[in-house]
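J.: Pasting a structure below so you can have a look.
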Amino acid sequence: MPRSDDAQRLRDLTLLRRVRDRIDREYAQPLDVEALARGVNMSAGHLSRKFKQAYGESPYSYLMTRRIERAMTLLRRGDLSVTEVCFEVGCQSLGTFSTRFTELVGVSPTVYRERFGDEADGIPSCMAKNVTRPIRNREARRG
């Protein structure tokens, strides 16, 4: 019996990796938990529970983190307006984008661009992601 449980857990992890990889690839597309769940033949609730168990955050939260990471890069580049960045990363509402950005990064998108436009200058792009990764305010307080 335990082998069956282990086999199911491995199957679930494989499906969860597919969902995570899809989010990483298609973050700018209109994605929702229902569509992600359909893609791996799971219910939205089951996917959300299993994803959070495996990765520590919900699929929606993971998607928004990916979008905000990309937005940070685009804002540092400086050639797009905040509104253009919002839509470029797949957000449909400037208000929701700004709220989520501020929640994850600690400052508004406009302030971020003004203060941190050169934050990653001189850092190889493979390392810049580690330096500029958004840290949720509650995570920052722990450290």
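Each reported figure results from applying straightforward, stated rules to the coordinates on display, with no laboratory input. Owing to the predicted nature of the structure, the values given are computational and were not obtained by experimental measurement. Note that each Cβ is placed from the backbone with ideal geometry, even for glycine, and that neighbours are counted across all protein chains shown.
J.: When Lys and Arg each count +1 and Asp and Glu each count -1, what net charge do the other residues less than 14 Å away from residue 9, Cβ to Cβ, add up to?
T.: Net local charge, residue 9 excluded: +2.
J.: Which of 32, 79 has the fewest other C-beta atoms within 10 Å, and how do the rest follow up to the most?
T.: The fewest-first ordering by Cβ neighbours comes to 79, 32.
J.: Residue 43: net charge of surrounding residues, Cβ under 11 Å, Lys/Arg +1, Asp/Glu -1, itself excluded?
T.: Residues near residue 43 contribute +2 overall.
J.: Hey, another quick one. Which shape class applies to region 48-113: rounded if a/c is under 1.5, otherwise prolate when a/b exceeds b/c and oblate if not, where a ≥ b ≥ c are the square roots of the Cα gyration tensor eigenvalues?
T.: Because a/c hits 1.5 or more and a/b exceeds b/c, region 48-113 counts as prolate.
J.: GluC sites (Glu not before Pro), restricted to region 1-98: which are DSSP loop and have at most 14 other Cβ atoms within 10 Å?
T.: Sparse-neighbourhood loop GluC sites (Glu not before Pro): 57.
J.: Something else: Can you sort 42, 64 by how many other beta carbons sit within 10 Å, fewest first?
T.: Least to most surrounded, the residues fall as 42, 64.
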